[in-house]
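Have a look at the structure below before the remarks.
Laboratory data are not the source of any read-out in this text; all were calculated from the coordinates shown. Nothing here was measured: the structure is a model prediction, and the numbers come from that model. Here the Cβ positions follow ideal geometry from the backbone for every residue, glycine too, while neighbour counts run over all protein chains shown.
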């Protein structure tokens with residue numbers, strides 16, 4: 001996996017040559033959120049999938065800590 005810094009509150013984790021996870025800051029119903037989505041590029045479709053989550057920005061650090069905890073337990 002490759003992590004790319006795209007600036008402006010946008011990050012990518014490249015999973016393979018057709019799929020990546022995009023993490024971006026956004027606004028949803030007036031709230032600052034983190035939107036974490038799967039992006040695919042196939043011959044038939046290029047764009048975001050329905051797979052993903054949208055959480056309040058203030059929960060981002062807690063989510064990151066939980067992910068690191070799970071990764072370290074592997």
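Listed peptides 30-39, 64-73 appear in the order 30-39, 64-73 once ranked by packing, highest mean of other Cβ atoms within 10 Å at the front.
Once the Cα-Cα distance is subtracted from the 0.36 nm per residue extended length, the residue 38 to residue 65 segment shows a gain of 7.7 nm.
Find the relative contact order for the chain and round it to a whole percent, using C-alpha pairs within less than 8 Å whose residues are 6+ positions apart. Before the final figure, lay out each step's value.
Details: 113 pairs, mean separation 13.6, N = 74.
About 18 percent, as a whole number.
Helix-only estimate, please: 222 nm mean residue ellipticity of the chain, summing -39500 (n - 2.57) across DSSP H runs of length 4 or more and dividing by its residues, to the nearest 500. Per the formula, -6000 deg cm²/dmol. Normalised by residue count, the chain yields a Cα convex hull volume of 111 Å³ per residue.
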